[in-house]
Amino acid sequence: MKRFFIFAMLMASLSASAQQEVELQEVTVQGSKVVQRVDGLTIYPTRQQLESSTNGYSLLAKLTLPHLRIDPVMHTVTALSNLGGVQVRINDIVASKEDLLSLDMKAVRHIDYIDNPGVRYGEGISYIVNIFVKKPVSGYDLGADLTNTLTAVNGDETVFGKFNYGRSEFGVNYSLGYQNFKGGEYEEEATYQMEDGGKRSMRRRQLDGQDKHLDHNLQLTYSLSDSNYVFQSKLSARRDIQPQRSWTKFETYEDHSLSRTSSPILDLYFHRDFKRHQSLTANAVGTYIKTDSHYEHNEGGNYAYNVTGKTYSLWTEAVYENRLQPFTLSLGAQYGQKYIHNVYSGDAAADNAMRSSMFYFFGQLKGRLGQLGYMGGLGVSTRYYRQDGWDDRFLLFRPKLTLSYPLAKNLKARYDFEVSQHVSQIALVSDVTIKQNAMETLVGNPEITPNRVTSHDLRLTYSIPRLTTELQGYYRLNANCNMEKYTREDGHFYQTQTNADNECSFFFIQSYNRWEAIAEHLSVTLYGGLYRFFNFTDDYRHTYTAFNGGASIEAYLGRWTLTAYADNGWNFMEGEHRGHQAPSWYLSASYQMKNVTLSLYAQQPFCTRPLRHETEVLNRYIHKEVSQHNRDLGNMLTLNLTWHLSSGRKYRNIQRTMNHRDTDTGILQSK
């Protein structure tokens, strides 16, 4: 009995030691999942998240990143705000949809979510999702990602292969996308204030319609790398197999549009590490876009026009980085040239040729002074536009400062200040006029100039191993911003953009919370905030208050992964449009086998005609309420099958994949 008692005590001691070690490891792993940075977060996905993810979209959806909506079925990443765009990168270079679909989960190291990008990333980008992966040095990886909707005609099929031989890697990726939605519903109630004091009301209601496309994309990549350098080249080509077709039948007329696009892209990238923590990165991208389009708007009589467009662009970048102590110095420059030639024939006859160029230089310091983290930089750019007899050149400055300081053991404060300039889309500054319907016409304005944007961002973040909560207060002022303006002449209404004496501002207070309810098995995310918008011009003064928020739950049960996600869209007001982007909600279940994963997504369940977009126009001449629904998106069931086969894969340093591409054709078209 004495020996048994001693043995029991010894086993209990060993068990306690083992349990303490396991708990310590768990705390360490949990604690390193989310690391606060001066410009955002570094996230280390769990083993369960990686093993249950079928592609890059699936992985990002499980992270539930603040301000972003990731749709793993439609393969989109959307910023749920009007702060700016979002870029998804792999090893710091913009990634394509095909890159994310063929992402090797075994190679993923960590993810940087940058919601406060420095001047390094240029203008108009407010969110960066940077996926860092290890470089394969041997073997091959073959796979397929097949997504097909069971309740509607919609699919995205991708097959790929990557092969390594010595220092070289060869890759090929082919994707086929198709869609044929016939369940669209459009309804508009419009009231026009006529010049004689009377009012004219019009109701536009869609009776039937169709939106379809069939396209394919081919990518060929080659990479040559060693421990201190990487050279990569990518040649990709996209073409519509059939023209993208949109047809809408109203009570008394029909609208039609056809568009076919072809676009080859050549992307060259080089990165070299030097001694003493220095590196040099260079990237050059050449793009050609050929577009043939046809549009018909037949309300009040036949109105049809064709557009034949060609776009040539060259974008280059060079970045020098020196990781000194106690800060990192970054210097870089971007240069771009673009030529657009769009010929409009028919009722919108015009020959619009535009040349534009940009040169952007930036310098940035990022480091720490004791417990104070800081990032400060200055970007300077010059932009040049020329079309017909009009030309202009703008000099733009972008100072930016970010400070981060721990207030307590698990509590950190961060403040960001930035002044930047917003440049309108090329289509908006063209001198083309497009009729929208019998009562309205859209007019381009070459006189638009960039406007100054000033923003303040203050955040308090509390983080412990299984809980992260953040409270954010944000304010943005757009002085002389580009806002819509309506004019009335002979019973017709003209919409254009102007930035004379305009002011657009908004602020919001938002909370984001993520809780690991059961470590490695169940996580819950909840976010929401109040937004207040102000739009002031000589013609109108509009304000609006809205709530935006969402929630998600992920459960990892062995081979099964269950997910539920919902948000209420994005409610906003800009100019004279009070808009409501569609809410989204879905349920998903995935089952993982050896090399195959099956996933079933139920999008917009329990809803037969979900909202796609809703807007209200509050102009003194025009009041409109517009809503769009789509029956094909209701109770939508989609099956995703992924297959991976790899052999001899070994990994080392980071591999960088590039995909900076130009997609702006500069075509002004009706809504």
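The values are calculated or read from the model by the stated rules, or taken from the named source; none is laboratory data. Predicted model, so just to flag it, every value in this text is computed and none were measured. Positions of Cβ are backbone-derived with ideal geometry, glycine not excepted, and every protein chain shown enters the neighbour counts. Protein only, heavy atoms only, side chains kept; ligands, DNA and RNA dropped before computing areas. Shrake-Rupley method; radii C 1.70, N 1.55, O 1.52, S 1.80 Å.
The table for this structure:
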{"item": "Long-range lysine pairs (8 or more apart or interchain), segment 355-506, Cα under 28 Å", "result": "6"}
{"item": "Accessible surface of segment 66-152 [probe 1.4 Å, protein heavy atoms]: carbon and sulfur percent", "result": "52 percent"}
{"item": "Listed residue (ASN482, SER293, ILE128) projecting farthest to the positive dipole end of the chain, Cβ model", "result": "ILE128"}
{"item": "Heavy atoms of TYR651 accessible to a 1.4 Å probe, total area in Å² rounded to 10", "result": "70 Å²"}
{"item": "FRET efficiency estimate (nearest 0.05) - Cβ-Cβ, ASN298 to ILE464, R0 56 angstrom", "result": "0.35"}
{"item": "Solvent-accessible area per residue, Å², over segment 554-649 with all protein chains present [probe radius 1.4 Å]", "result": "46 Å²"}
{"item": "Relative contact order, percent, the chain [alpha-carbon distance under 8 Å, six or more residues apart]", "result": "13 percent"}
{"item": "Segment 253-401 - percent relative contact order, Cα under 8 Å, separation 6 or more", "result": "16 percent"}
{"item": "Most positive-pole-ward Cα, HIS341, GLN581, GLY389, against dipole of the chain from beta carbon charges", "result": "GLN581"}
{"item": "Segment 72-183 - accessible surface per residue (Å², probe 1.4 Å)", "result": "31 Å²"}
{"item": "Estimated 222 nm signal from helices in the chain, with DSSP H stretches of n ≥ 4 weighted -39500 (n - 2.57), rounded to 500", "result": "-2500 deg cm²/dmol"}
{"item": "Degrees between helix 2-31 axis and first principal axis of the chain (Cα, 0 to 90, nearest 10)", "result": "30 degrees"}
{"item": "Cα-Cα over 29 Å, subset of LYS182/LYS234; LYS182/LYS310; LYS199/LYS249; LYS290/LYS624; LYS338/LYS624", "result": "LYS182/LYS234; LYS182/LYS310; LYS290/LYS624; LYS338/LYS624"}
{"item": "With every protein chain in place, segment 533-585: carbon and sulfur % of accessible area (1.4 Å)", "result": "60 percent"}
{"item": "Protein accessible area in segment 301-350, 1.4 Å probe - carbon and sulfur %", "result": "59 percent"}
{"item": "Residue (of GLN193, GLN232, GLN206) at the positive-pole extreme of segment 178-272, dipole from beta-carbon charges", "result": "GLN232"}
{"item": "Cα-projected label distance for ASP273 with ASN480, points at 7 Å along beta-carbon direction, nm", "result": "4.7 nm"}
{"item": "Mean shadow area of segment 565-634 over all directions, Cα convex hull, nm²", "result": "6.3 nm²"}
{"item": "Accessible surface, per residue, of segment 262-315 when the full set of protein chains is kept, probe 1.4 Å, Å²", "result": "47 Å²"}
{"item": "Dipole moment magnitude, nearest 20 debye, segment 75-193 about Cα centre, only Lys, Arg, Asp, Glu C-beta charged", "result": "800 debye"}
{"item": "Estimated dipole of segment 117-170 in Debye, rounded to 20 [Cβ of Lys and Arg +1, of Asp and Glu -1, Cα centre]", "result": "380 debye"}
{"item": "Dipole magnitude of the chain, debye to nearest 20 (Cβ charges: Lys/Arg +1, Asp/Glu -1, about Cα centre)", "result": "2980 debye"}
